[in-house]
Structure formats: structure tokens, C-alpha cells
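For reference, the structure discussed in these notes is given below.
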Amino acid sequence: TPFQEEKIEELLRKHTKLELQMANDIYSTYRLYPPPELSEIKTTVVYPATEKHLQKYLRQEVHLIRESWEDYKNITLPFIQSQSFSIQWVYNILEKKAEADRIIHENQDPSNGFVLVPDFKWNQNQLYDLYLIALVQRRDVKSLRDLTAEHLPLLKNILQEGKEAIAKRFGVPGSQLRIYLHYQPSYYHLHVHFTALGYDAPGTSVERAHLLADVIDNLVLDSSYYQKRALTFALRADEPLLKKFQEAGRV
Ligand code: M7G
């Protein structure tokens, strides 16, 4: 986890083992062994993990896919319907069976409502790596590909109320937030990522992140924007979906 500013002084002052490696004039380098309270490693455990979880966390070669709407209907959609990650954890949050005490904001409207919670990648100890996710109440929207003008009230609520709730609770203004959707997501229940603008969060690359404000504008211009245009994303070398695109001659 990132160091907290007020603790960083202790790192060189208190109980820290230092082994000199080299010294030259005003410069010196050391091996530093921090005390346990300053050497926290945030750990996420997935148990039992599926083959797909193993794939997600293994380092692999990646390939860029340019998915047309036809590709989505013929290749991607049947594939995600046949095998995608369980979204039980999302339903647990919506039904208050898990993480209920962590909810930052909730709009209970069944069509246009959502729940805002800290992402499990963020330990909430510092604002530097602030990371929250908004999970929509409705269960019939898988991803960006499903969005039409019908979803504008929902998306506008997430943008507006999400920013307000984060400013109120954490004091971070909307102008310092990056608010976006992933395509492809790992979990096919519509959700929106809120990360600190100064933090280079994983998954913010141009081939994966779509700013919510841009998504809203695109849908205002054309309700079927995301059922028309091609979308780009990267797939890892041994992902079965890549194989499907290869078999279809689309890579
Ligand atoms: P994604 O775009 O579907 O996939 O985002 P990614 O994980 O490849 O980015 C899902 C988001 O939900 C990620 O930012 C995860 O860190 C977060 N997340 C996943 N799980 C299983 C949980 C969970 O159980 N609780 C919380 N609070 N966040 C989770």
C-alpha cells in the first residue's frame, strides 16, 4: 500500500534496520528493513479460485481486438453467456448480505438507482489511491454494449450523486476524479469505476477505460451508439475468447 505521509518520517528514524550498500560524498544507498507496521502488503485472496481467476492474474502476452457489433453478437455475447465470472459478490452487496457497513451512497430506485462502495483494491487509509465502484440496482445490463438512451437517467445519477457522495465523505472534488467503465469488464453487471485522478489505477489504459461523461454524450447523440460502433480491447494469449476471435479469422 502507499506510504502515509505522517508515517514516512518513522521509516528512517525509528526501529528501522539499515544496511549501508555504498557511500559517495553526500550520496548513500541502503537496504532498509521496515518494521511490520510500516511494511503492510495488501493481500486479496480468491478461494476457491477458478481457472479463469488464475488466467486473470497471470502475466501473459496480450493481443488487441477490434470488435464490431456483429462480432459482439456472434462471438463475444454467446461466449460471455456460456462462461463468465460469477457476479454473486455484486448481488451480495445489492442485497446487503456483504459489505453493507461499507456503503458510501445508495439510490434505491430499481431502474435508475445504484450502490457506491469502496473497491476492494482500496484500503481507505489514504486518498492517494482512492477507488470506489458504483453497482447498478438493475440486473439486465451487462456492459457498455447494452447501453442506450434509456439508461441516461441511471448514468446521470451515477455521475452526479457519485461525485457528490465522494466530495461529502472524502473531501475529493469531482474535478479530481476519473469516472469510467471498462470494456471488456471482468464482471458482466454494469458498474462504474471512480478513481483519484492523480493515481495511475490499473485498467485506465485507452484500450479499456471509457469515461462516463463521454458515454453519456455519445448516447445523447445517438441512442444506439454502442450497438453500432466497433470497440477495441486487449485479450490475454490463452483466453478462450481470443481463440474464438482467431477461429472466426478476426485477429
Ligand atoms: P471490472 O471492470 O469488471 O474488472 O471491475 P477488473 O477487476 O478486471 O477491473 C470490477 C471491479 O470490482 C474491480 O475494480 C474489482 O477490484 C472490484 N471488485 C471485485 N470483487 C470481487 C469485489 C468485491 O468482492 N468487493 C468489492 N468492493 N469490489 C470488488
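Anyone know which of Leu12, Leu155, Leu77 comes out most mobile in the 10 Å Cα GNM of the chain?
Checking each option, the largest mean-square fluctuation is seen for Leu12.
Mean-square fluctuation check for the chain, GNM, Cα pairs under 10 Å: which of Gln124, Gln81, Gln184 is largest?
Comparing Gln124, Gln81, Gln184 in a Gaussian network model of the chain, the most mobile one is Gln81.
State the percentage of accessible surface on the chain attributable to carbon and sulfur atoms; use a 1.4 Å probe and exclude ligands, DNA and RNA.
It is 51 percent, rounded to a whole number.
What does the net charge come to around Lys14 if you take all other residues with beta carbon closer than 15 Å to its beta carbon, with K and R at +1 and D and E at -1?
Value of the local net charge: -1.
Per residue, what accessible area does region 47-98 have, given a 1.4 Å probe and all protein chains present, in Å²? Walk me through the numbers on the way to the answer.
On the way: 3530 Å² over 52 residues.
With the other protein chains kept in place, region 47-98 gives 68 Å² per residue.
Tell me the accessible surface of Trp89 in square angstrom (1.4 angstrom probe, heavy atoms of protein chains only), to the nearest ten.
That residue has around 90 Å² of solvent-accessible surface.
Within region 123-141, which residues have the backbone N less than 17 Å from the label spot 7 Å out from Asp200 along Cα→beta-carbon, could you tell me?
128-130
Rank Asn24, Gln55, Thr195 by how far each Cα sits towards the positive end of the charge dipole of the chain (+1 on Lys, Arg Cβ; -1 on Asp, Glu Cβ) and give me just the farthest.
Gln55
So between Asp109 and Ser186, what do we pick up on full extension, going 0.36 nm a residue minus the alpha carbon distance?
Net length gain for the segment: 25.2 nm.
Could you sort out which of Lys97/Lys156; Lys56/Lys243; Lys73/Lys243 sit more than 21 Å apart by Cα distance in this structure?
Working: Lys97/Lys156 27 Å; Lys56/Lys243 16 Å; Lys73/Lys243 16 Å.
The answer is Lys97/Lys156.
What does the charge count around Leu177 come to, taking other residues whose C-beta lies under 15 Å from its C-beta (Lys +1, Arg +1, Asp -1, Glu -1)?
In short, -2.
Would you kindly calculate the translational diffusion coefficient of the chain, applying Stokes-Einstein with the Kirkwood radius from alpha carbon pairs, for 37 °C and a viscosity of 0.692 mPa s, and quote it in µm² s⁻¹ without decimals?
Details: Rh = 20.6 Å.
Reported coefficient: 159 µm²/s.
For the chain, modelled as a Gaussian network with Cα springs under 10 Å, which listed residue fluctuates most, Lys17, Lys228, Lys121?
In this elastic network of the chain, the residue with the biggest mean-square fluctuation among Lys17, Lys228, Lys121 is Lys17.
Just to confirm a number: summing +1 for Lys and Arg and -1 for Asp and Glu over residues other than Phe114 whose beta-carbon lies under 10 angstrom from that of Phe114, what do you get?
Details: positive: Arg138; negative: Glu106, Asp109, Glu161.
Here the charged neighbours net out to -2.
Counting only helical runs of four or more DSSP H residues, what would the 222 nm mean residue ellipticity of the chain come to if each run contributes -39,500 (n - 2.57) and the total is spread over all its residues?
On the way: 7 runs with 66 residues, N = 251.
Counting only the DSSP helices, I get -7500 deg cm²/dmol.
Between Glu40 and Ala98, what's the calculated FRET efficiency when r is the beta-carbon distance and R0 is 25 Å? Round to 0.05.
Once the sixth-power term is evaluated, E becomes 0.60.
Cβ neighbours within 10 Å, averaged per peptide: list 57-63, 193-199, 241-247 in order, most packed at the top.
In descending order of packing, they fall as 193-199, 241-247, 57-63.
Averaged per residue, what accessible area in Å² does region 116-247 show with a 1.4 Å probe, protein chains only?
Using a 1.4 Å probe on heavy atoms only, each residue of region 116-247 averages 42 Å².
Please report the accessible area of Tyr33 (heavy atoms, 1.4 Å probe, ligands and nucleic acids excluded) in Å², nearest 10.
My reading of the accessible area for Tyr33 is about 90 Å².
The values are calculated or read from the model by the stated rules, or taken from the named source; none is laboratory data. This is a predicted model, so every value here is computed, not measured. Positions of Cβ are backbone-derived with ideal geometry, glycine not excepted, and every protein chain shown enters the neighbour counts. To get the accessible areas, we keep the full protein, side chains included, count just its heavy atoms, and leave off ligands, DNA and RNA. Shrake-Rupley method; radii C 1.70, N 1.55, O 1.52, S 1.80 Å.
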